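Please treat every number below as a calculation from the coordinates, not as lab data. Values in this document were obtained by computation on a predicted structure and should not be read as measured data. Note that each Cβ is placed from the backbone with ideal geometry, even for glycine, and that neighbours are counted across all protein chains shown.
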């Protein structure tokens, strides 16, 4: 009997050890993801649609993600012609005294705007951040006021900046959602300068520096943008990734280490791309029918929806009365897809929500990008108020992205 029990223990012991290790890993992941510093969000850049979020509206310390706004304002002045890439910025004693990370500038030294950009993106140099702030606005305090004002203008309603670097300041706060807005806007607003975020390294005065953003080498499609860390924030990251025509902006706050933060970002981005793929390919209910006219040799097709014998239920209190305006020249856009049939399917699902489809048309427009076709899907024939209401319902009841399009 003892030998049988001992044999049973030998068989059971490895299973117990495995379960303990699995529990330990799960608890470790939970501590990383759900610590009091944690927050995250994934958005689709072109539409702003939130694909995933957790704690995205909670106040967090931005750390060196602050430098994304510093660069935004520097790009803004470049675009306006106030400075050039060759402009030399003078270094002050105050800039030199900044704590690491630093480029090691000397008092009175001059650094070109181009090198300053690379130093902020790749080295995350605090002495360079102060140098940029002082040269553009006279003082870092004035520059911080401009940063906050710009944040508000961009829709970053819960963000306050007190310095240009992200060094600890109790009053300097942001949210994951606000940082997603900033990551999206700096890509959209400055296409001529955004490419600096994809640089892996640069050299300055004989020294070489490597980018802290390891997703550039470790996650396919990543072309930016920035990491950040202070003790109060944990390890932060804003990432921009493009795959198969879809760009996602991801934000993670509060990682317990840089490597675990990066792995968590991998997980969230993988999840985001799966959701987008599902949105583009999921089948429609067989009861939903639509008739499309066939127009030969015409890429832009405006096709009247055939509502004959189609009994569709009213959803989410979209009232027929608000559709009866004579100013029906607004539209809603419900995505751009690689497959024409997927674009049609998206419009079918939207049309199924409408109680009245009189004067409603569907437009499938083929757009050429990088020698590949995208099929933009729009539903047209609304007044302004009704278009916003329909778009709200589409976002609530489906996984389809939706934006209102002005006449």
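Residues 40, 352, arranged from fewest to most other Cβ atoms within 10 angstrom of their Cβ, appear as 352, 40.
From most to least packed by mean Cβ count within 10 Å, the peptides 177-189, 198-210 give 177-189, 198-210.
When each of 44, 363 is scored by the number of other beta-carbon atoms lying within 10 Å, the sequence from fewest to most is 363, 44.
Per-peptide packing, taken as the mean over residues of other Cβ atoms within 10 Å, places 379-385, 134-140, 84-90 in the sequence 379-385, 134-140, 84-90 from highest down.
Subtracting the Cα-Cα distance of residue 112 and residue 82 from their residue separation scaled by 0.36 nm leaves 9.4 nm.
Counted residue by residue at 0.36 nm each, then reduced by the alpha carbon distance between them, the extension gain from residue 145 to residue 278 reaches 43.6 nm. The calculated FRET efficiency for residue 366 paired with residue 406, based on their beta-carbon distance and R0 = 25 Å, is about 0.70. Full extension of the segment from residue 396 to residue 97, taken as 0.36 nm per residue of separation minus the current Cα-Cα distance, would add 102.5 nm. Kirkwood radius for segment 35-280, taken over all pairs of different Cα atoms as the inverse mean of 1/r, rounds to 17.8 Å. For segment 35-280, the relative contact order is 25 percent, taking Cα pairs closer than 8 Å that sit 6 or more residues apart in sequence and dividing their mean separation by the residue count.
Pair-distance distribution P(r) for segment 120-205, from all Cα-Cα distances in 5 Å bins starting at 0: 3, 13, 19, 24, 26, 12, 4, 1, 0 percent.
For the listed peptides 57-66, 71-80, a ranking on the average number of other beta carbons within 10 Å per residue, highest first, reads 57-66, 71-80. The residue 59 and residue 384 beta-carbon pair, evaluated with R₀ = 41 Å, returns a calculated FRET efficiency of approximately 0.75. Listing 242, 37, 371 from fewest to most neighbouring C-beta atoms within 10 Å gives 371, 242, 37. Computed from the Cβ-Cβ distance with R0 of 56 Å, the FRET efficiency linking residue 373 to residue 257 stands at 0.85. Computed on segment 62-133, with alpha-carbon pairs under 8 angstrom and 6+ residues apart, the relative contact order is 36 percent.
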